[in-house]
Amino acid sequence: MDGHDADNSKQSTADMTVFVQNLLQQMQTRFQTMSESIIGSPSPSAPLKAKDETKSAEDS
């Protein structure tokens, strides 16, 4: 019975490793896409938003 538990533990560790690797890969892909989107298409409202955030920080 102990040997069987060890096999299950190894399998669940392998499954978790694969799951985490896939999750990190998805996050990396999404982060890269967002970064390219931000860098590639500057929004005209971005400077205004930054100014508004500065004002609200000074007011509080």
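What follows draws every value from the coordinates through simple rules; no lab data is involved. Just so it is clear, the structure is predicted and the values come from calculations on it, not from any experiment. So basically every Cβ, Gly included, is an ideal-geometry build from the backbone, and we count neighbours across all protein chains shown.
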Rounded FRET efficiency, nearest 0.05, which uses the C-beta distance separating residue 16 from residue 36 and R0 of 30 Å: 0.50
Chain lengthening between residue 28 and residue 6 when straightened (0.36 nm per residue, less Cα-Cα): 4.7 nm
